[in-house]
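We did not get these values from a lab; they are worked out from the coordinates using the rules stated. Being a predicted model, the structure only gives us computed values, none of them experimental. Reconstructed Cβ throughout: ideal geometry from the backbone, glycine too, with neighbour counts over all protein chains shown.
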Amino acid sequence: MLRYVSNYDQMLIKRDPESLVSYKGPITPSVIATITSQLRDKADISERVTNRLFSVFIELAQNMQYYSAEVIRYANEEEKIGWIQIFERHDCYELNCGNVLDQAKVKKLADHCQKINQLNREELRTLKRERRRTKLDKAKKGAGIGLVQVAILAGNPLEVNTLKLGKHYNCIILKITINK
C-alpha cells in the first residue's frame, strides 16, 4: 500500500525511521544532485543495488522535472513541483514519488505502466530497443523508454495510484520497489 493521504494539500512527508530521503518541492538539477549525495551517505548497500537505486531515482526525478503541471514561479524562473520519499526496508528499497498532471496525461501514463507490467524482462528490453529506433516526437522530451528502464532496473511491477484534484488535474503516485 502506498503511503499518502487523500488530500494533496496535506501530502506532507511524515517522519519514518526507514526513510532515507523525504522531499517535496521544486525538482531541480541541484535538488537531484543533493538527494543523490544524501543517498550515497545513508545507504549501506552493494554497488549493483546502488546503481539501480540511483538510476531509478534520477529517472523518476527527471520525469517530475519535465512533466509536472504544478509549478512555482520566482525571479523569472519556473520550476516543476513533485515529491519523493525513499525507504529502506529489510529486504528492499521503496521509492514513492508523485506530481500533478492533467487528467488525460495521467490516464495515458497509467495505461503505459499497465502495459509495462504485463511484459517480462526480455520483452521490456525488446520494447526499449524498439522505442530507441523510433523517431522522437518533438512535443515529447524522450522516446518513452524511461519507465521501461525503471521496470527493467527494479525487476518489480510499477505500482500506480492517482488522486483526483478537481476537474482537470490528478496527482500521479508511483511506487517502485528494488530488491536488495
Margin query: Which three numbers, in whole Å and largest first, are the semi-axes of the equivalent ellipsoid of region 8-179 derived from its Cα gyration tensor as √(5λ)?
Written below: 23, 23, 16
Next item on the list: In a Gaussian network model over the chain where Cα atoms closer than 10 Å are linked, find which of Arg89, Arg48, Arg125 has the largest mean-square fluctuation.
Entry: Arg48
Checklist line | Violating pairs (Cα-Cα greater than 28 angstrom) within the set Lys108/Lys180; Lys42/Lys107; Lys42/Lys115; Lys42/Lys128; Lys42/Lys108; Lys108/Lys167 | finding: Lys108/Lys180; Lys42/Lys107; Lys42/Lys115; Lys42/Lys128; Lys42/Lys108
Check: Out of residues 5 or more away from Gly82 or on other chains, whose amide H comes under 5 Å of its own, with H placed 1.01 Å from N in the peptide plane?
Finding: Gly25, Ile27
Margin query: Give me the one-decimal nm value for the distance between modelled label points at Asp91 and Glu159, 7 Å along each residue's Cα-to-Cβ direction.
Written below: 1.4 nm
Notebook entry, point to check: If you place +1 on the Cβ of every Lys and Arg, -1 on the Cβ of every Asp and Glu, and leave all else neutral, what size is the dipole of the chain about its Cα centre, to the nearest 20 Debye?
Noted result: 700 debye
Note to self: Testing the spin-label approximation: label points 7 Å from Cα along Cα→Cβ at Lys180 and Gln103. State their distance in nm.
What the structure shows: 4.3 nm
Notebook entry, point to check: Which residue, Ser37, Ser22, Ser68, has the most motion in a Gaussian network model of the chain that connects Cα atoms within less than 10 Å?
Noted result: Ser37
Note to self: Nothing charged except the Cβ atoms of Lys and Arg (+1) and of Asp and Glu (-1): what's the magnitude of the dipole of region 21-77 about its Cα centre? Round to the nearest 20 debye.
What the structure shows: 60 debye
Check: Between Thr162, Ile145, Cys92, whose Cα lies farthest towards the positive end of the dipole of region 44-168 when Lys and Arg beta carbons carry +1 and Asp and Glu beta carbons carry -1, centred on the Cα centre?
Finding: Ile145
